[in-house]
Every structure is written in structure tokens, then in C-alpha cells.
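Notes follow the structure.
The values are calculated or read from the model by the stated rules, or taken from the named source; none is laboratory data. In this text the structure is predicted, and so the values were computed from the model without any measurement. With ideal geometry, Cβ positions are generated from the backbone for all residues, glycine too; neighbour counts draw on all protein chains shown.
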Amino acid sequence: MPSAYIIANVTVTNPAQYEDYIKWSSAAMRAHGAEVCVRGGKVEVLEGDWTPDRLVILKFPGIDAAKAFDASPEYGKARAARQGAAIMRMVVVEGV
């Protein structure tokens, strides 16, 4: 089964409140065995007009595992903490 990646571009609008999201999302990642590939860090655009703010890339054993993480009560707690603190754009993509 191919691995899967959740890729998120986050625009943080309330950094202090976003810290709660980080705490709860980290717990959800641990609970669901997510491998953190990228979480923040410097971004340099090499081509095109995409200017992401904060990138996060998580690796899962497959699409079902990634979707289970997203739908989990653990991540639901993180999502609730993020309300009003950030704009989230998130996709899941099948890997190789």
C-alpha cells in the first residue's frame, strides 16, 4: 500500500492561541503515528507564484490512516483550538 501525506499551508492569525493548536495537534500526531516531515521552517519559492506561509507535511502509512487522523477526536480537539487562530488549507495525497 502506498504511503500518504497530509500537506498543509497555514496562515497563523493569532500566534498565542495557535500554541494551543500545536499542543493538541502534536498529541494527535503521536496518537496516530504520523511522521512529521516538515513543520514550519524556512520556505523558498523556486518557481511559480505560490507563497506559502507555514508548511506542514505529515506522512502516514496510507490514505485511510491519514483520513482517520483528520477525523479523529484527538485532532478534533486541535481543530477546535485553532478556530480564530489560523487559516488552514490542507490536502491528502497518495505517495509512492
From the list Asp53, Asp64, which residue is modelled with pLDDT under 95 and among the acidic types (Asp, Glu)?
Asp53
Checked pairs for segment 10-25, first free of Cβ contacts under 8 Å to residues at least 60 places away in the same chain, second of a type in the set (Ser, Thr, Tyr), C-beta under 7 Å and 6 or more apart or across chains, list as Ser25/Tyr75
Hey, among Ala78, Ala28, Ala34, which residue is free of Cβ contacts under 8 Å to residues at least 60 places away in the same chain, closer than 16 Å to Ser3 by Cα, in contact with a Phe, Trp or Tyr (Cβ under 8 Å, 6 or more places away or on another chain) and among the small types (Gly, Ala, Ser)?
Ala34
Considering segment 4-18, residues that are touching a helix residue (DSSP H, G or I) at 6+ places or on another chain (Cβ under 9 Å) and of a type outside the set (A, V, I, L, M), and then whichever is farthest from Arg79 (Cα to Cα), we arrive at Tyr5
Does segment 73-96 hold any residues that are of a type in the set (Gly, Ala, Ser) and either surrounded by 15 or more Cβ atoms within 10 Å (Cβ to Cβ) or in contact with a strand residue (DSSP E or B) (Cβ under 7 Å, 6 or more places away or on another chain) (or both), and which are they?
Ala78, Ala81, Ala85, Ala86, Gly95
Among (1) over 23 Å from Glu94 (Cβ atoms); (2) surrounded by 12 or more Cβ atoms within 10 Å (Cβ to Cβ); (3) at pLDDT 95 or above, which single condition is Gly40 missing?
(3)
Flagged in segment 37-63 as in contact (Cβ under 8 Å) with a residue 24 or more places away in the chain, out of contact with any Cys (no Cβ under 8 Å at 6 or more places or on another chain) and not basic (Lys, Arg), in numbering order, are Cys37, Pro52, Asp53, Leu55, Val56, Phe60, Pro61, Gly62, Ile63
Given the structure, is Lys67 of a type in the set (Lys, Arg) and closer than 17 Å to Val93 by Cβ?
yes
Quick check, is Val45 modelled with pLDDT under 95 and among the aliphatic types (A, V, I, L, M)?
yes
